[in-house]
Amino acid sequence: LRRPKNTPTTSKNGSGQLQQLTLRKKQEEQVVAGASDGKNNDKLLRTIAAAKDADTIDLEAKAAQKVAQLEQYVRAIKNTGVIMETDEESLALTSQLQDATRTLIKLRYGDFQVTTPYRIKLDLEFQSTIPDFDSKGKDGTIVIELAPISLIPYSVYNFLEIARTWKNGAFHRNAGHVLQAIARSNVKQSMPFQEYSKEYPHKKYTVGYAGRPSGPEFYISIQNNSGAHGPGSQQQHNPYEADCIIGRVIQGVEDGTVDRIHTMPGKEFLSDKNKWVLIRRMHILVPKGDGSDDDEYVEFSSSPEVLPDV
């Protein structure tokens with residue numbers, strides 16, 4: 001397989017660039033102000049994107065092109081059936097894809113000092129079939145902290161793209177070990193390879209991609225699934241292959257929201273849509289500042305308020 005050439009980068013200096021960066025900074029402050037008021041900031045975000053200097057736009061476009069090209073090569077290798085986790089060519093190519101993806105994430109979603117800067121907030125709607133509907137109502141929230149991009153960058157990037165282009169979805173599987181969700185967005189394909197790190201196993205309340213190949217459906221582990229979904233699981237061909245992982249739930253456990261999803265009437269895949277827990281919106285959250293430990297998180301983008309039925 002022919003490998004892509006490295007994407008060149010350019011730089012620019014001068015007063016014009018400084019003015020553009022100043023304008024962009026002011027608009028970013030508007031976004032933060034809007035986020036604190038609960039407003040949808042998509043229009044402001046588009047304005048910020050327009051204010052980027054030409055070099056930054058060019059860098060992001062080239063980074064996206066490089067990721068797309070490398071992804072095609074990785075998918076082609078996976079389709080051969082080779083054990084990618086031990087094949088030298090596969091390891092080299094997936095490493096290139098991961099490096100390119102880290103660059104694209106930072107250009108598109110921001111570059112922060114904190115190890116795990118990206119979070120996704122899910123707005124849930126419980127239907128009247130949930131047992132405690134009369135006492136607790138329809139609303140619920142889950143926040144997922146995405147894994148470090150130093151470990152599994154493509155899995156993180158893929159979920160950021162799912163959230164950014166979210167259309168609709170729902171938790172529709174109520175199993176003893178996972179709560180699985182349909183995910184409908186502009187991301188249609190499964191992961192190009194089974195990205196996994198032993199440093200981020202499938203522990204209780206982690207979030208992973210369903211299936212082999214994994215995604216775009218995802219699940220919350222409601223028990224330790226390190227064995228069931230970790231290396232060598234669910235097939236006999238590859239002792240290293242595991243479900244791709246996304247992150248972990250940091251809000252929705254202590255307040256009982258995850259447990260409440262588990263009370264959907266029925267077990268395993270639920271054919272009756274009236275029993276599903278709907279995911280009405282997804283919001284991408286990023287640090288307000290440089291990502292220090294005590295930094296406040298603000299909304300980077302959110303899906304539309306009115307969504308078609310699942």
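Side notes on the structure shown:
- When the stretch 253-310 is filtered for residues that are at pLDDT 95 or above and of a type in the set (Phe, Trp, Tyr), the ones remaining, listed by number, are Phe269, Trp276.
- Consider the stretch 132-146 and keep the residues that are touching a residue at least 60 places away in the same chain (Cβ under 8 Å) and surrounded by 12 or more Cβ atoms within 10 Å (Cβ to Cβ). The one that is nearest to the chain's Cα centre (by Cα) is Leu146.
- Against the test of being in contact (Cβ under 8 Å) with a residue 24 or more places away in the chain, in a helix (DSSP H, G or I), among the β-branched types (Val, Ile, Thr) and more than 30 Å from His262 (Cα to Cα), the options Thr115, Thr94, Thr86 yield a single qualifying residue, Thr94.
- Residue match in the stretch 214-231 (condition: without any contact (Cβ under 8 Å) to a residue 24 or more places away in the chain, within 30 Å of Ser128 (Cα to Cα) and among the hydrophobic types (A, V, I, L, M, F, W, C)): no
- When the stretch 109-125 is limited to residues that are at pLDDT 95 or above and open to solvent by 30 Å² or more (accessible area, probe 1.4 Å), the one that is farthest from the chain's Cα centre (by Cα) turns out to be Glu125.
- The set of residues in the stretch 132-177 being among the acidic types (Asp, Glu) and part of a strand (DSSP E or B) consists of Asp139, Glu145.
Listed here are the residues, each with its yes/no results for (1) aliphatic (A, V, I, L, M); (2) closer than 26 Å to Met191 by Cβ.
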residue: Arg102; (1), (2): no, yes
residue: Gly110; (1), (2): no, yes
residue: Ile120; (1), (2): yes, yes
residue: Ser128; (1), (2): no, no
residue: Ser135; (1), (2): no, no
residue: Lys138; (1), (2): no, no
residue: Glu145; (1), (2): no, yes
residue: Ile149; (1), (2): yes, yes
residue: Pro153; (1), (2): no, yes
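- If you go through the stretch 225-256 and pick out every residue that is within 28 Å of Asn168 (Cα to Cα) and of a type in the set (S, T, N, Q), you end up with 2.
- Residue satisfying condition, being surrounded by fewer than 23 Cβ atoms within 10 Å (Cβ to Cβ), of a type outside the set (Phe, Trp, Tyr) and part of a strand (DSSP E or B), within set Gln223, Gln236, Gln189, Gln180: Gln180
The values are calculated or read from the model by the stated rules, or taken from the named source; none is laboratory data. Here the structure is a predicted model, which is why all the values come from computation and not from measurement. Because the Cβ atoms are built from the backbone with ideal geometry, glycine has one as well, and the counts that use them run over all protein chains shown. Accessible surface areas use protein heavy atoms only, side chains included; no ligands, DNA or RNA. Shrake-Rupley method; radii C 1.70, N 1.55, O 1.52, S 1.80 Å.
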